Amino acid sequence: MRVAIFSGTIPSTTFIERLVLGLAEEGVEIILHGKIIGEVRYQSKNVKKVGYAGGLHRIWLAFKFGSLFSLTRPGALIKLIKCYPRSIFSGSFLNWFVRTGPIVWHKPDIFHLQWARGIGDWIFLQEFGIKVIVSLRGAQINCAPIADSSLADTYRRLFREVEGFHSVSRATCLEAAKYGSDPEKCTTIYSGLDLEQFPFSHVKLKKKHKTNIISVGRPTWKKGYHFGLDAMKILSGLDVSFHYTIVGGISEEMVFQVQDLGLNDQVTLLKTMPFENVEALIAGSDILLLPSVEEGMPNVVLEAMALGTVVVSTRCGGVPEVVNDGENGFLVPVRDAEAMAAKIKSVCDLSAEDLNKVRRKARKTIERQHDQQKMADAMKGFYRTVAANGTQLDAYVDRSLNPFTAAEETTNEKYR
(Lines give C-alpha, C1' and ligand atoms only; values in the text may rest on other atoms or scores of the structure.)
Protein backbone atom coordinates (compact mmCIF):
# COMPACT_ATOMS: atom_id res chain seq x y z
CA MET A 1 0.00 0.00 0.00
CA ARG A 2 1.29 3.43 -0.95
CA VAL A 3 0.26 6.48 1.08
CA ALA A 4 1.15 10.12 0.36
CA ILE A 5 1.26 12.32 3.45
CA PHE A 6 1.07 16.09 2.98
CA SER A 7 1.49 18.36 5.98
CA GLY A 8 2.93 21.40 4.22
CA THR A 9 6.54 21.06 5.37
CA ILE A 10 9.38 18.54 5.60
CA PRO A 11 10.24 17.89 8.39
CA SER A 12 6.78 18.19 9.85
CA THR A 13 5.14 18.24 13.26
CA THR A 14 6.01 15.79 16.01
CA PHE A 15 2.83 13.81 15.35
CA ILE A 16 3.57 13.43 11.62
CA GLU A 17 7.16 12.41 12.15
CA ARG A 18 6.07 9.74 14.63
CA LEU A 19 3.37 8.59 12.24
CA VAL A 20 5.76 8.32 9.28
CA LEU A 21 8.29 6.27 11.23
CA GLY A 22 5.64 3.98 12.69
CA LEU A 23 3.96 3.30 9.32
CA ALA A 24 7.29 2.72 7.57
CA GLU A 25 8.18 0.09 10.15
CA GLU A 26 4.85 -1.59 9.41
CA GLY A 27 5.74 -1.89 5.72
CA VAL A 28 3.61 0.96 4.39
CA GLU A 29 5.25 2.83 1.52
CA ILE A 30 5.18 6.53 2.44
CA ILE A 31 5.49 9.41 0.00
CA LEU A 32 6.28 12.44 2.15
CA HIS A 33 5.33 15.65 0.39
CA GLY A 34 5.67 19.33 1.28
CA LYS A 35 8.03 22.28 1.30
CA ILE A 36 11.51 21.28 2.45
CA ILE A 37 12.46 23.56 5.34
CA GLY A 38 15.20 21.50 6.98
CA GLU A 39 17.44 18.49 6.69
CA VAL A 40 15.88 15.17 7.62
CA ARG A 41 16.97 11.63 6.85
CA TYR A 42 14.74 8.59 7.22
CA GLN A 43 16.45 5.27 7.75
CA SER A 44 13.59 3.24 6.31
CA LYS A 45 13.59 2.52 2.58
CA ASN A 46 9.79 2.77 2.75
CA VAL A 47 9.92 6.57 3.09
CA LYS A 48 10.30 8.60 -0.11
CA LYS A 49 10.60 12.40 0.00
CA VAL A 50 9.21 14.27 -3.01
CA GLY A 51 9.23 17.76 -1.55
CA TYR A 52 10.05 21.10 -3.11
CA ALA A 53 12.38 23.89 -2.00
CA GLY A 54 13.41 27.26 -3.49
CA GLY A 55 12.76 28.87 -6.86
CA LEU A 56 15.34 26.97 -8.94
CA HIS A 57 14.31 23.67 -7.43
CA ARG A 58 10.67 24.37 -8.27
CA ILE A 59 11.59 25.15 -11.88
CA TRP A 60 13.55 21.90 -12.08
CA LEU A 61 10.64 19.91 -10.64
CA ALA A 62 8.19 21.53 -13.06
CA PHE A 63 10.47 20.61 -15.96
CA LYS A 64 11.04 17.08 -14.66
CA PHE A 65 7.42 16.14 -14.08
CA GLY A 66 6.18 18.11 -17.07
CA SER A 67 8.55 16.06 -19.27
CA LEU A 68 7.59 12.77 -17.63
CA PHE A 69 3.89 13.43 -18.13
CA SER A 70 4.36 14.69 -21.71
CA LEU A 71 6.40 11.68 -22.78
CA THR A 72 4.53 8.88 -21.05
CA ARG A 73 1.13 10.11 -19.80
CA PRO A 74 0.03 13.12 -21.86
CA GLY A 75 -3.64 12.43 -21.19
CA ALA A 76 -3.08 12.66 -17.45
CA LEU A 77 -1.19 15.93 -17.93
CA ILE A 78 -4.09 17.48 -19.85
CA LYS A 79 -6.52 16.29 -17.21
CA LEU A 80 -4.33 17.73 -14.45
CA ILE A 81 -4.08 21.11 -16.17
CA LYS A 82 -7.87 21.26 -16.41
CA CYS A 83 -8.08 20.75 -12.63
CA TYR A 84 -6.15 23.93 -11.85
CA PRO A 85 -8.98 26.47 -12.30
CA ARG A 86 -11.18 24.49 -9.89
CA SER A 87 -8.61 24.51 -7.12
CA ILE A 88 -8.85 27.26 -4.52
CA PHE A 89 -5.06 27.51 -4.50
CA SER A 90 -4.19 31.21 -4.76
CA GLY A 91 -0.68 30.86 -6.18
CA SER A 92 0.65 30.60 -9.72
CA PHE A 93 0.12 27.59 -11.95
CA LEU A 94 3.84 26.76 -11.67
CA ASN A 95 3.67 26.50 -7.88
CA TRP A 96 0.41 24.55 -8.05
CA PHE A 97 1.87 22.08 -10.56
CA VAL A 98 5.02 21.59 -8.48
CA ARG A 99 2.82 20.76 -5.47
CA THR A 100 0.30 18.50 -7.18
CA GLY A 101 2.15 17.01 -10.16
CA PRO A 102 4.38 14.65 -8.14
CA ILE A 103 1.37 13.26 -6.28
CA VAL A 104 -0.57 12.55 -9.46
CA TRP A 105 2.54 11.04 -11.03
CA HIS A 106 3.23 8.63 -8.15
CA LYS A 107 -0.51 7.90 -7.83
CA PRO A 108 -0.69 6.66 -4.22
CA ASP A 109 -3.62 4.58 -2.99
CA ILE A 110 -4.28 7.18 -0.27
CA PHE A 111 -3.56 10.90 -0.06
CA HIS A 112 -3.53 11.91 3.62
CA LEU A 113 -3.98 15.66 4.04
CA GLN A 114 -2.92 16.76 7.50
CA TRP A 115 -4.57 20.19 7.54
CA ALA A 116 -8.29 20.38 6.78
CA ARG A 117 -8.18 23.96 5.53
CA GLY A 118 -6.27 22.79 2.43
CA ILE A 119 -9.04 20.46 1.30
CA GLY A 120 -10.04 22.71 -1.60
CA ASP A 121 -6.59 22.32 -3.16
CA TRP A 122 -6.56 18.53 -3.08
CA ILE A 123 -10.05 17.06 -3.40
CA PHE A 124 -9.58 16.87 -7.20
CA LEU A 125 -7.16 13.95 -6.68
CA GLN A 126 -10.23 11.71 -6.49
CA GLU A 127 -10.55 12.14 -10.28
CA PHE A 128 -7.25 10.24 -10.61
CA GLY A 129 -8.42 7.32 -8.48
CA ILE A 130 -6.65 8.55 -5.36
CA LYS A 131 -8.66 8.37 -2.14
CA VAL A 132 -8.47 11.50 0.01
CA ILE A 133 -8.26 11.31 3.80
CA VAL A 134 -8.27 14.44 5.96
CA SER A 135 -6.92 14.75 9.49
CA LEU A 136 -8.97 16.80 11.93
CA ARG A 137 -6.97 18.88 14.37
CA GLY A 138 -7.92 21.36 17.07
CA ALA A 139 -7.60 24.85 15.59
CA GLN A 140 -8.43 23.71 12.05
CA ILE A 141 -11.89 22.64 13.21
CA ASN A 142 -12.54 24.40 16.50
CA CYS A 143 -11.38 27.91 15.61
CA ALA A 144 -10.52 28.54 11.95
CA PRO A 145 -13.98 28.03 10.38
CA ILE A 146 -15.57 30.24 13.04
CA ALA A 147 -13.20 33.10 12.27
CA ASP A 148 -13.30 32.54 8.49
CA SER A 149 -16.80 32.11 7.06
CA SER A 150 -15.43 31.25 3.59
CA LEU A 151 -13.50 28.34 5.12
CA ALA A 152 -16.65 27.16 6.87
CA ASP A 153 -18.44 27.23 3.51
CA THR A 154 -15.60 25.21 1.97
CA TYR A 155 -15.91 22.62 4.72
CA ARG A 156 -19.67 22.34 4.23
CA ARG A 157 -19.22 21.94 0.49
CA LEU A 158 -16.36 19.44 0.46
CA PHE A 159 -16.45 17.43 3.70
CA ARG A 160 -19.21 15.25 2.25
CA GLU A 161 -16.86 14.18 -0.57
CA VAL A 162 -13.97 13.05 1.64
CA GLU A 163 -13.49 9.26 1.82
CA GLY A 164 -12.26 9.23 5.38
CA PHE A 165 -11.44 11.45 8.34
CA HIS A 166 -8.76 10.80 10.91
CA SER A 167 -9.24 12.50 14.25
CA VAL A 168 -6.98 12.64 17.29
CA SER A 169 -10.01 12.84 19.58
CA ARG A 170 -13.70 11.97 19.47
CA ALA A 171 -14.54 15.55 20.42
CA THR A 172 -13.00 16.74 17.16
CA CYS A 173 -15.09 14.26 15.17
CA LEU A 174 -18.18 15.85 16.66
CA GLU A 175 -17.01 19.31 15.64
CA ALA A 176 -16.44 18.17 12.05
CA ALA A 177 -19.95 16.75 11.91
CA LYS A 178 -21.26 20.31 12.27
CA TYR A 179 -19.85 20.99 8.79
CA GLY A 180 -21.43 17.97 7.15
CA SER A 181 -18.82 15.24 7.59
CA ASP A 182 -20.17 11.70 7.84
CA PRO A 183 -19.48 10.49 11.42
CA GLU A 184 -19.21 6.92 10.14
CA LYS A 185 -16.21 8.00 8.07
CA CYS A 186 -14.47 9.61 11.03
CA THR A 187 -12.06 7.33 12.87
CA THR A 188 -10.47 8.35 16.15
CA ILE A 189 -6.87 7.24 16.43
CA TYR A 190 -5.03 8.69 19.38
CA SER A 191 -1.54 10.10 19.01
CA GLY A 192 1.17 7.62 19.93
CA LEU A 193 4.46 8.05 21.77
CA ASP A 194 7.68 6.08 21.53
CA LEU A 195 7.69 5.33 25.24
CA GLU A 196 11.41 4.54 25.26
CA GLN A 197 11.96 8.25 24.62
CA PHE A 198 9.79 9.17 27.61
CA PRO A 199 11.21 7.37 30.62
CA PHE A 200 8.97 7.44 33.66
CA SER A 201 10.53 8.78 36.84
CA HIS A 202 9.97 6.23 39.60
CA VAL A 203 11.49 8.50 42.24
CA LYS A 204 8.85 9.45 44.78
CA LEU A 205 8.01 13.12 44.85
CA LYS A 206 9.43 14.84 47.87
CA LYS A 207 7.87 17.82 49.55
CA LYS A 208 9.79 20.82 48.30
CA HIS A 209 9.75 24.44 49.34
CA LYS A 210 8.85 25.52 45.79
CA THR A 211 6.50 23.88 43.26
CA ASN A 212 7.66 24.09 39.65
CA ILE A 213 4.80 24.59 37.18
CA ILE A 214 5.26 24.56 33.40
CA SER A 215 3.16 25.27 30.30
CA VAL A 216 4.29 24.54 26.74
CA GLY A 217 2.90 25.93 23.48
CA ARG A 218 2.82 28.87 21.10
CA PRO A 219 1.62 32.17 22.61
CA THR A 220 -1.75 32.18 20.84
CA TRP A 221 -5.11 33.11 22.36
CA LYS A 222 -6.37 29.53 22.35
CA LYS A 223 -3.60 28.45 24.74
CA GLY A 224 -5.26 30.52 27.46
CA TYR A 225 -2.08 31.91 28.99
CA HIS A 226 -4.00 34.99 30.08
CA PHE A 227 -6.02 32.77 32.42
CA GLY A 228 -2.94 30.81 33.48
CA LEU A 229 -1.15 33.99 34.55
CA ASP A 230 -4.23 35.23 36.38
CA ALA A 231 -4.26 31.88 38.21
CA MET A 232 -0.64 32.44 39.25
CA LYS A 233 -1.57 35.79 40.74
CA ILE A 234 -4.34 34.13 42.76
CA LEU A 235 -1.99 31.29 43.75
CA SER A 236 0.55 33.78 45.07
CA GLY A 237 -2.02 34.79 47.69
CA LEU A 238 -2.77 31.22 48.78
CA ASP A 239 0.45 30.60 50.69
CA VAL A 240 1.91 28.46 47.88
CA SER A 241 5.57 28.83 46.91
CA PHE A 242 5.88 28.26 43.17
CA HIS A 243 7.63 29.16 39.95
CA TYR A 244 5.78 29.16 36.62
CA THR A 245 7.58 28.70 33.30
CA ILE A 246 5.96 29.15 29.89
CA VAL A 247 7.89 27.66 26.95
CA GLY A 248 7.09 28.26 23.30
CA GLY A 249 7.31 31.95 22.55
CA ILE A 250 6.95 35.36 24.13
CA SER A 251 4.22 37.80 23.21
CA GLU A 252 4.01 41.46 24.15
CA GLU A 253 0.72 40.80 25.93
CA MET A 254 2.27 38.10 28.12
CA VAL A 255 5.22 40.29 29.08
CA PHE A 256 2.88 43.14 30.00
CA GLN A 257 0.59 40.88 32.03
CA VAL A 258 3.48 39.42 34.03
CA GLN A 259 4.67 42.94 34.78
CA ASP A 260 1.17 44.22 35.55
CA LEU A 261 0.46 41.38 37.98
CA GLY A 262 3.78 41.78 39.75
CA LEU A 263 4.90 38.24 38.91
CA ASN A 264 8.38 38.96 37.57
CA ASP A 265 10.09 36.88 40.26
CA GLN A 266 7.66 33.97 39.91
CA VAL A 267 7.21 33.66 36.14
CA THR A 268 9.74 32.92 33.38
CA LEU A 269 8.86 33.24 29.68
CA LEU A 270 11.03 31.22 27.29
CA LYS A 271 11.25 31.14 23.51
CA THR A 272 10.90 27.96 21.45
CA MET A 273 13.67 25.43 21.99
CA PRO A 274 14.68 21.93 20.80
CA PHE A 275 12.35 19.12 21.78
CA GLU A 276 14.89 17.38 24.03
CA ASN A 277 15.29 20.59 26.06
CA VAL A 278 11.53 20.95 26.46
CA GLU A 279 11.25 17.30 27.49
CA ALA A 280 13.88 17.83 30.18
CA LEU A 281 12.01 20.87 31.51
CA ILE A 282 8.73 18.94 31.66
CA ALA A 283 10.39 15.99 33.41
CA GLY A 284 11.92 18.36 35.96
CA SER A 285 8.63 20.08 36.76
CA ASP A 286 6.05 19.07 39.33
CA ILE A 287 2.95 20.20 37.41
CA LEU A 288 2.13 20.69 33.73
CA LEU A 289 -0.58 23.35 33.43
CA LEU A 290 -2.68 23.43 30.26
CA PRO A 291 -4.91 26.54 30.53
CA SER A 292 -6.16 26.23 26.93
CA VAL A 293 -9.48 27.45 25.61
CA GLU A 294 -9.45 25.07 22.61
CA GLU A 295 -7.45 21.91 21.88
CA GLY A 296 -7.59 18.70 19.89
CA MET A 297 -5.44 16.15 21.71
CA PRO A 298 -2.39 18.10 22.94
CA ASN A 299 0.85 16.13 22.70
CA VAL A 300 2.30 17.97 25.68
CA VAL A 301 -0.32 16.44 27.98
CA LEU A 302 0.50 12.94 26.75
CA GLU A 303 4.22 13.57 27.11
CA ALA A 304 3.88 14.92 30.64
CA MET A 305 1.77 11.95 31.70
CA ALA A 306 4.33 9.57 30.22
CA LEU A 307 7.19 11.29 32.03
CA GLY A 308 5.44 11.38 35.38
CA THR A 309 4.64 15.08 35.61
CA VAL A 310 1.21 15.73 37.13
CA VAL A 311 -1.23 17.33 34.66
CA VAL A 312 -3.67 20.10 35.55
CA SER A 313 -5.69 20.98 32.46
CA THR A 314 -8.85 22.75 31.40
CA ARG A 315 -11.67 20.48 30.31
CA CYS A 316 -11.25 21.29 26.61
CA GLY A 317 -11.20 19.34 23.35
CA GLY A 318 -10.04 15.76 23.69
CA VAL A 319 -8.27 16.21 27.03
CA PRO A 320 -11.11 14.53 29.03
CA GLU A 321 -10.59 11.46 26.83
CA VAL A 322 -7.18 10.91 28.40
CA VAL A 323 -7.32 12.72 31.76
CA ASN A 324 -9.76 11.45 34.38
CA ASP A 325 -10.12 14.12 37.05
CA GLY A 326 -8.61 13.05 40.35
CA GLU A 327 -7.35 9.72 39.01
CA ASN A 328 -4.54 10.23 36.51
CA GLY A 329 -4.57 14.02 36.43
CA PHE A 330 -6.81 16.97 37.19
CA LEU A 331 -9.37 18.98 35.21
CA VAL A 332 -10.83 22.45 35.68
CA PRO A 333 -13.39 24.50 33.73
CA VAL A 334 -12.22 26.55 30.76
CA ARG A 335 -11.50 30.27 31.40
CA ASP A 336 -11.61 29.84 35.17
CA ALA A 337 -8.42 31.21 36.74
CA GLU A 338 -9.76 30.75 40.28
CA ALA A 339 -10.46 27.06 39.64
CA MET A 340 -6.95 26.61 38.21
CA ALA A 341 -5.36 28.21 41.26
CA ALA A 342 -7.49 26.19 43.67
CA LYS A 343 -6.73 22.93 41.86
CA ILE A 344 -2.99 23.61 41.81
CA LYS A 345 -3.07 24.34 45.54
CA SER A 346 -4.96 21.10 46.20
CA VAL A 347 -2.33 19.18 44.22
CA CYS A 348 0.42 20.85 46.24
CA ASP A 349 -1.36 19.78 49.44
CA LEU A 350 -1.48 16.09 48.44
CA SER A 351 0.89 13.65 50.08
CA ALA A 352 3.81 12.26 48.10
CA GLU A 353 2.12 8.85 48.16
CA ASP A 354 -1.12 10.19 46.66
CA LEU A 355 0.75 12.16 44.00
CA ASN A 356 2.68 9.08 42.98
CA LYS A 357 -0.57 7.13 42.60
CA VAL A 358 -1.77 9.77 40.15
CA ARG A 359 1.55 9.71 38.28
CA ARG A 360 1.59 5.92 37.95
CA LYS A 361 -2.02 5.82 36.72
CA ALA A 362 -1.16 8.50 34.15
CA ARG A 363 1.74 6.47 32.81
CA LYS A 364 -0.41 3.33 32.55
CA THR A 365 -3.03 5.31 30.61
CA ILE A 366 -0.41 6.37 28.07
CA GLU A 367 0.92 2.82 27.77
CA ARG A 368 -2.59 1.46 27.08
CA GLN A 369 -3.95 4.22 24.92
CA HIS A 370 -1.11 6.16 23.32
CA ASP A 371 1.62 3.73 22.35
CA GLN A 372 3.26 4.56 19.00
CA GLN A 373 3.06 0.98 17.73
CA LYS A 374 -0.67 0.86 18.43
CA MET A 375 -1.11 4.15 16.57
CA ALA A 376 0.77 2.84 13.54
CA ASP A 377 -1.24 -0.40 13.52
CA ALA A 378 -4.51 1.53 13.76
CA MET A 379 -3.55 3.95 10.97
CA LYS A 380 -2.53 1.09 8.72
CA GLY A 381 -5.88 -0.60 9.32
CA PHE A 382 -7.70 2.68 8.68
CA TYR A 383 -5.90 3.17 5.36
CA ARG A 384 -6.75 -0.35 4.25
CA THR A 385 -10.40 0.10 5.17
CA VAL A 386 -10.69 3.34 3.20
CA ALA A 387 -8.79 1.85 0.26
CA ALA A 388 -11.32 -0.99 0.23
CA ASN A 389 -14.22 1.50 0.11
CA GLY A 390 -15.29 0.71 3.64
CA THR A 391 -15.79 2.83 6.71
CA GLN A 392 -14.46 2.44 10.18
CA LEU A 393 -15.69 4.21 13.31
CA ASP A 394 -13.59 4.64 16.47
CA ALA A 395 -11.53 1.62 15.50
CA TYR A 396 -8.78 2.36 17.96
CA VAL A 397 -10.65 3.77 20.93
CA ASP A 398 -11.20 1.53 23.93
CA ARG A 399 -14.31 3.25 25.27
CA SER A 400 -13.82 1.71 28.71
CA LEU A 401 -10.63 3.72 29.24
CA ASN A 402 -12.19 7.18 29.29
CA PRO A 403 -15.97 7.03 28.82
CA PHE A 404 -17.91 10.20 28.07
CA THR A 405 -20.26 11.61 30.65
CA ALA A 406 -23.91 10.86 30.02
CA ALA A 407 -24.46 14.27 28.42
CA GLU A 408 -21.43 13.91 26.16
CA GLU A 409 -22.48 10.40 25.17
CA THR A 410 -25.92 11.63 24.19
CA THR A 411 -24.33 14.26 21.92
CA ASN A 412 -21.98 11.65 20.51
CA GLU A 413 -24.77 9.25 19.66
CA LYS A 414 -26.71 12.07 18.01
CA TYR A 415 -23.99 12.42 15.40
CA ARG A 416 -23.56 8.69 15.00
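The values are calculated or read from the model by the stated rules, or taken from the named source; none is laboratory data. Not measured: the values here are computed from a predicted model. Don't worry about glycine lacking a Cβ; one is built from the backbone with ideal geometry, like all the others, and counts go over all protein chains shown. Areas reflect the complete protein model, heavy atoms only, side chains present, ligands, DNA and RNA absent. Shrake-Rupley method; radii C 1.70, N 1.55, O 1.52, S 1.80 Å.
What to note about this one:
- Peptides 344-351, 8-15, 230-237, 70-77 ranked from most to least packed give 230-237, 8-15, 344-351, 70-77, packing being the mean of other C-beta atoms within 10 angstrom over each peptide's residues.
- Hydrodynamic radius (Kirkwood) for the chain, which is based on Cα pairs only, to one decimal in Å: 22.8
- Dipole axis of the range 63-177 (+1 Lys, Arg; -1 Asp, Glu on Cβ), positive-most option in Ser135, Phe69, Thr172: Phe69
- By the compact-protein rule of thumb, 2.2 N^0.38 Å, the alpha-carbon radius of gyration of the range 306-383 corresponds to a ratio of 1.27.
- q = 0.15, 0.23, 0.27 Å⁻¹: log10 I(q)/I(0) that the Debye formula gives for the range 267-328, counting C-alpha atoms only: -0.46, -1.02, -1.27
- Rg to Rh, two decimals, where the range 229-304 supplies the alpha carbon set and Rh follows Kirkwood: 0.96
- 10 Å binning of all Cα-Cα separations within the range 1-130, expressed as whole percents from 0 upward: 12, 44, 36, 8
- Rounded FRET efficiency, nearest 0.05, which uses the C-beta distance separating Leu195 from Ala342 and R0 of 30 Å: 0.40
- Distance from the C-alpha centroid of the range 1-57 to that of the range 309-348: 35 Å, rounded to the whole angstrom.
- Residue among Val301, Leu125, Met379 farthest towards the positive dipole end of the chain, charges placed on Cβ: Leu125
- For the range 12-154, the solvent-accessible area with a 1.4 angstrom probe is 44 square angstrom per residue.
- Percent RCO, i.e. relative contact order, over the range 96-161, from Cα pairs under 8 Å lying at least 6 residues apart: 32
- Cys with no candidate disulfide partner in the chain (beta-carbon separation under 4.7 Å rule): Cys83, Cys143, Cys316, Cys348
- Kyte-Doolittle at least 0.5, axis length at least 24 Å by Cα - qualifying DSSP helices, the chain: 55-72
- Once the Cα gyration tensor of the range 118-203 is diagonalised, semi-axes √(5λ) in Å: 29, 16, 12
- Modelled FRET efficiency - R0 30 Å, Lys35 with Arg160, Cβ distances, 0.05 increments: 0.55
- Potential extension, Asp265-Glu184 segment - 0.36 nm per residue separation minus Cα distance: 24.0 nm
- Hydrodynamic radius of the range 1-66 per Kirkwood, over alpha carbon pairs, in Å: 12.4
- Pairwise Cα inverse-distance average, inverted: Kirkwood Rh of the range 61-172 (Å): 15.0
- Magnitude of the charge dipole for the chain, about its Cα centre and with charges confined to Cβ atoms of Lys, Arg (+1) and Asp, Glu (-1), is about 1240 debye.
- Residues of the range 246-312: accessible area per residue with a 1.4 Å probe, Å²: 39
- Nearest-0.05 FRET efficiency for Asn277 and Leu238, computed from C-beta distance (R0 41 Å): 0.85
- The stretch between His209 and Ala53 holds 51.0 nm of extra length on full extension. This uses 0.36 nm per residue minus the Cα-Cα distance.
- Global geometry of the range 92-156, whether rounded, prolate or oblate, following the gyration tensor of its Cα atoms and the 1.5 cut on a/c: prolate
- Atom-type composition of the exposed protein surface of the chain places 53 percent of the accessible area on carbon and sulfur (1.4 angstrom probe).
- Every Cα-Cα pair in the range 69-123 was counted, and those over 14 Å apart are 56% of them.
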